[in-house]
Amino acid sequence: MNRFALLSLYRSLTRHKLYAALNVGGLAVGIAVFLVLGLYARFETSYEKWLPRHDRIYVVQTAWNLPESPFNGAYPYTMGGLLDQMREDFPGTVGTRIRGGKNGGAVIRGGVAAPADVAQVDPQFFDVFDLPMVRGSGMALRQPANVLISKTLARQYFGTSDPIGQTLTIAMDKTANYRVAGIFRDLPKNSDYNISLLVPMPAAPPSEQWFHWGSTSLQTFLRFDTPEAARAFEQKLPSFVDRRALADMGKDASKIHQLKLLPLTRMHLEPAGSASASAKITVITLGIVGLLTLLVAIVNYVNLATARANLRAREVAMRKVLGADRLALVRQFLGEAMFTVGIAALIGLILAELSLPLVNAAGGLSLTIPYALVVPALVVLTLIVGLLAGFYPALLLSRFPAASVLASARSPGGGRVGTRVREGLVVLQFGLAIAFMVGTGVLVAQTRHVRQSDLGFQRDGLMVLLSTRDSLISSAQNRAVVSAIRDLPSVRTVAIGNNAVGGSGENNADNVPLPGVAGDGPSLRWIVTGPDFFKVYGTRLLAGRVFDDNHRDDDALSRQLEQGRNIVINRRAVSTLGFRSPEDAVGKTIGGNRPRTIIGVVEDMRFFSPREPTSASYYIYYREPERATTAVASIRFTGNPRETMDAVRAIWQRAVPQVPFEAETADTQLTKFYEADDRATRLFAIGAGLAVLIGCVGLWGLASYNTQMRIKEIGIRKTLGASSRDIARLLVGQFLRPVLLANLLAWPLAFVAMRTWLAGFDDRVALSPLFFIGGSLLATVIAVLTVLGQSLRASRAAPAWALRHE
Amino acid sequence: MLMIRLENIQRRYVSDEVETTALRDIDLEVAAGEFLAIMGPSGCGKSTLLNTLGTVDRPTGGRYMFGDQDLAAMGEKDLAKFRGSTLGFVFQSFNLIDELTIEENVALGLAYRANGGDRRARVSAAMDKVGIAHRARHFPHQLSGGQQQRAAIARAIVGDPKLILADEPTGNLDTANGEQVMNILQALNDEGATIVMVTHSPSHADMARRRIDMLDGRIVASAMRSI
């Protein structure tokens, strides 16, 4: 590029300021969206990859092959003693267990317990998870009374004094003193594990179910040096299961209960149960949105740049007349294109950097730009886009015979082919934009729906006290605390059960044999309820009655299993058990040699994620529900949740200070289930909105180009009597056609994508045609508004001026 | 019968710093059925005057009466309607729309009229009249200059205008084609059309019945052709 080339580039950018700003800005925004969403996708796929030798670590999954059961699917949890049995049967097995984690225990300081992220691990933990240490070594876990703590916790507990050798009182199963033997670096954000204290797994099994096949209580990890070794090991597992589970599960246990190995790094995007597909889809979708936004921006830029170049045909011709050869012109155009794209890339990087704090806030993330990776990527992008944008004008325009361009009154417009291509690109762009708009509509509707939909219980004014489940609290204390809470003025009712909204940590299911039907019968979730349970939740009764102390047989604890129990089932269980209607179920006895008589049917209650189907369930009744293993209290209150929460906390800390207080409103519990989708929706909406914006910039630029190309025609039409309105209609109409055509592309795309996404939800909105019509209408309105301004301006111009215009 | 009366028409262009006066104190009357030629050197205001007559340029002062209509007082929308129903334009550079065929270009002359009658018949009649019917399906760039100008004339007359305004209609044509175009205009005038034509060619100006000469935005001479 010589001086004049630079000068003419600079002049053309400053002369068409708005055009330059929009064109470069559009590409920059596209690059920024791509960068941010790319970083998000990279972050989501980077979980546990910070660990040394992460590719050799496998988590053992328990896979239930029980199509009818609420627990069908693979879970990354195993029986407590699985690793012990594996070590016996397969000498040389390298593995560890993690028991606990987030709020897994408590640290007691000054007599008050505070929840802490305690995990019990095998002494060989560091053979698998080689956590980077700040002080000390992982070998310390081989001493039973040692604890390793995270750097942050060390600073929090011990400030500037030396933590090593200090004593910590930790409660997990039981309370004991530990000696701080080392400090490990905090686990990074891209880890699913919350661990700040590591203590050795006790030598004696900490629970009765430790070796009970079918139970799951912790996570088991194995290390293999090659994928082949892992596969070979996995193939030995069915016979291992058959052999070891024989006592608890009978013959051929591996038919319904399998053990599988999942690479640790895949666990984040393939979580347990019914949510497994959704996390991956979300990341993929957002990655695609980023990619498509970049594509739209590139298409746009190339489209506009080439269109504009046509307007410079005369300049090219003049340069040729003055002696420029083709190579010089090709160099000039390519150089110009690269230069402008480079500017756009730089602005895009700045935009991404500026918007990251906002995105991090909106998405609860902590993304940063890895410059060592991003800068080379942007250089490559600049070269590619610059080539695309500069290639056409460079080659085509430099080939035009100068004389004919100079002699003709009209610039070469790339002819009909050029127009077609450009129209095609507008169709592509708007197709994606409409699909994005439809998608945003559906996502927003769905995320709003799950917050408002009928869960089968009243979600406002409900609180769950989880601390009562702690094994350190006695039944008497439990009763005393609950009765004190019941006496609070803002509390209406309190009920204890072994489940609550958001879950209690305990999940049970068993098979219910049906009379006259062979086999074990369907698997139903069962839940222990105490007095007032259905009253607290405001559960609707569909048929029969709920538990009642006047019916002495209702209390399950007062009867032997063989004597039979009274149960209440939920709506979903009605069909699972083969009854025609709730009324039909009432009074029937099911359950084979452990007879259960249905006394009532209640509405389904959605305690968990809207993605999970509500399970077919039955409820049993304890007059003294404190005696359940996992007793949690559900509290119905009125007024300000914070005040009630404070009052409940005060009661708790007075009565049982040694057990950490843990309570949450139903709203908070449920929000946890919605968060990931809310975040994805926000990111999607931002990406989609910007993609639409870029599309509009492109349309605007094309409209301005086209209007310019047609100024003479407009003049002719006006002399022939066309009114301003006729002209505006003509120009707008020209752009409406591709926008309308774009619907044909957008609708199937959006339909397939949204149906797939919604399929991940059990509780979901219908995919109404209104979303599609709305998206298209919005796109059309936006398109019309975008081109209307210039069309009106062009249509108002005096025809005499237009006719002189060349 | 008087068709047009211009009274004291002014046209000033104001750009950033320069003010140019294109028309000064123009008084002009054109009778129905007249064939008026406007001559003068480049920049004297001929085209501006013609554009003013055609309402595609608005005067900055004075009165423009067309019949009993005061065009200076009319809004853009009414002017567009007026042009569509009353005027026909012929340009030096033809100004055919490149993407439309000759037939479609001619039909465009009816596109903005409320009542076009039998459009197809009128289009082919207009094309017949200027001898271009055999080129109906061609695009402008496939035609010679003379043929393009004849097509442009067909477009101007297809709506049966009261007034035809021609801006150097032979300026881009060779002598033979120029003669042909002039003959068509002459014939149209003989049939009763009113024509105002800007030209540089004295011989073509002589074919008009009246001729005015302009200089620096004023009419400096007016002459009737002796019949």
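The values are calculated or read from the model by the stated rules, or taken from the named source; none is laboratory data. Please read these numbers as outputs of a predicted model, since none were measured by experiment. When we count neighbours, we look across all protein chains shown, and the Cβ atoms used for this are built from the backbone with ideal geometry, even at glycine. Surface areas here come from the heavy atoms of the whole protein model, side chains and all, with no ligands, DNA or RNA. Shrake-Rupley method; radii C 1.70, N 1.55, O 1.52, S 1.80 Å.
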Taking R0 as 25 Å, what FRET efficiency do you get between A:LEU354 and A:GLN452 from their Cβ-Cβ distance, rounded to the nearest 0.05? 0.10
Cα-based shape type of the stretch A:62-120, given that a ≥ b ≥ c are square roots of the gyration tensor eigenvalues and the cut on a/c is 1.5: oblate
For chain B, what does the relative contact order come out to in percent, with C-alpha contacts under 8 Å and a separation of six or more? 28 percent
Chain B: antiparallel bridges as % of DSSP beta bridges, rounded to 5, reads 55 percent
Test item: Cα-centred dipole of the stretch A:54-268, Lys/Arg +1 and Asp/Glu -1 on Cβ, debye: 460 debye
With the dipole of the protein assembly as shown worked out from charges on the C-beta (+1 for Lys and Arg, -1 for Asp and Glu) around the Cα centre, which of A:LEU788, B:VAL30, A:THR529 lies farthest toward the positive end? B:VAL30
Each label point is 7 Å from the Cα along the Cα-to-Cβ direction; what then is the distance between the points at A:THR93 and B:GLU179, in nm? 11.1 nm
Leaving ligands, DNA and RNA out of it, rank A:VAL444, B:VAL14 by accessible area with a 1.4 Å probe, largest first. B:VAL14, A:VAL444
If I take R0 = 25 Å and measure r between the Cβ atoms of A:SER46 and A:LEU383 in this structure, what FRET efficiency does the formula 1/(1 + (r/R0)^6) give, to the nearest 0.05? 0.40
Compute the label zone of A:ILE164 within the stretch A:112-139: residues whose backbone N is under 15 Å from the point 7 Å along Cα-to-Cβ. A:133-139
Net charge, A:GLU626 excluded, C-beta distance under 11 Å - Lys, Arg +1, Asp, Glu -1: +3
Check A:TYR77: other-chain or 5+ apart residues with amide H under 5 Å from its amide H, H built from backbone geometry? A:THR62
With every protein chain present, what accessible area does A:SER776 have (1.4 Å probe, heavy atoms only), rounded to the nearest 10 Å²? 10 Å²
Fully extended, how many nm does the chain gain between A:ARG155 and A:ASN177 (0.36 nm per residue separation, minus their Cα-Cα distance)? 6.0 nm
Considering only Cα-Cα distances, which of the following residue pairs are longer than 28 Å: A:LYS49/A:LYS174; A:LYS712/B:LYS77; A:LYS174/A:LYS251; B:LYS129/B:LYS162? A:LYS49/A:LYS174; A:LYS174/A:LYS251
Can you list residues whose amide H is under 5 Å from A:GLN143's amide H, if they're 5+ apart or on another chain and H is modeled 1.01 Å from N? none
Expected unfolding gain across A:LEU744-A:THR668 under the 0.36 nm per residue rule, minus the alpha-carbon gap, is 23.2 nm
Relative contact order of the stretch A:54-268: what whole-number percent is it, with Cα pairs under 8 angstrom and at least 6 residues apart? 32 percent
Can you give the angle from 0 to 90° between the axis of helix A:276-310 and the longest principal axis of chain A, with both taken from C-alpha atoms, to the nearest 10? 10 degrees
For chain B, give the magnitude of the charge dipole about the Cα centre (Cβ charges: +1 Lys/Arg, -1 Asp/Glu; no others), in debye to the nearest 20. 480 debye
With the dipole of the stretch A:54-268 defined by +1 on each Lys or Arg Cβ and -1 on each Asp or Glu Cβ, the option from A:PRO70, A:VAL180, A:GLY95 whose Cα lies farthest towards the positive pole is A:VAL180
Which value, in debye to the nearest 20, gives the size of the charge dipole of the protein assembly as shown about its Cα centre, when Lys and Arg are +1 and Asp and Glu are -1 at the Cβ? 1400 debye
Of the convex hull enclosing the alpha-carbon atoms of the stretch A:467-661, the direction-averaged projected area in nm² is 11.7 nm²
Put a dot 7 Å past each Cα toward the Cβ at B:LYS77 and B:ALA125; how far apart are the dots in nm? 3.1 nm
For the stretch A:545-554, in order, what is each residue's ³J(HN,Hα) by Karplus, 6.51 cos²θ - 1.76 cosθ + 1.60 with θ = phi - 60°, in whole Hz (x at glycine and Pro)? 9, 9, 4, 7, 5, 5, 8, 5, 6, 5
If I compute solvent accessible area with a 1.4 Å probe over the protein chains, what percent of it on the stretch A:467-661 is carbon and sulfur? 46 percent
Return one whole number: the accessible area per residue of the protein assembly as shown in Å², for a 1.4 Å probe. 44 Å²
Once the Cα atoms of helix B:76-86 and of chain B are each reduced to a long axis, what angle between those two axes, in degrees from 0 to 90 to the nearest 10, is obtained? 60 degrees
For the pair A:ARG729 and A:SER475, what calculated FRET efficiency results from E = 1/(1 + (r/R0)^6), where r is the Cβ-Cβ distance and R0 = 60 Å, to the nearest 0.05? 0.15
Have a look at A:VAL765, A:VAL426, A:MET139 and report the one farthest towards the positive end of the charge dipole of chain A, computed about the Cα centre with Cβ charges (Lys/Arg +1, Asp/Glu -1). A:VAL426
If I stretch the segment between A:VAL112 and A:GLN563 completely, what's the gain in nm (0.36 nm per residue apart, minus their alpha carbon distance), one decimal? 157.9 nm
Net charge contributed by nearby residues that have their C-beta within less than 13 Å of A:VAL374 (K/R +1, D/E -1): 0
Solvent-accessible area of A:SER453, probe 1.4 Å, all protein chains present, reported in Å² to the nearest ten, please. 20 Å²
Mind pulling the angle between the C-alpha long axis of helix A:415-452 and the longest principal axis of chain A? Nearest 10 degrees, somewhere in 0 to 90. 20 degrees
Report, as an integer, the average count of C-beta atoms from other chains found within 10 Å of each Cβ along A:712-718. 6
Cα→Cβ-extended label distance, 7 Å offset, between A:ARG642 and A:LEU770, nm: 3.6 nm
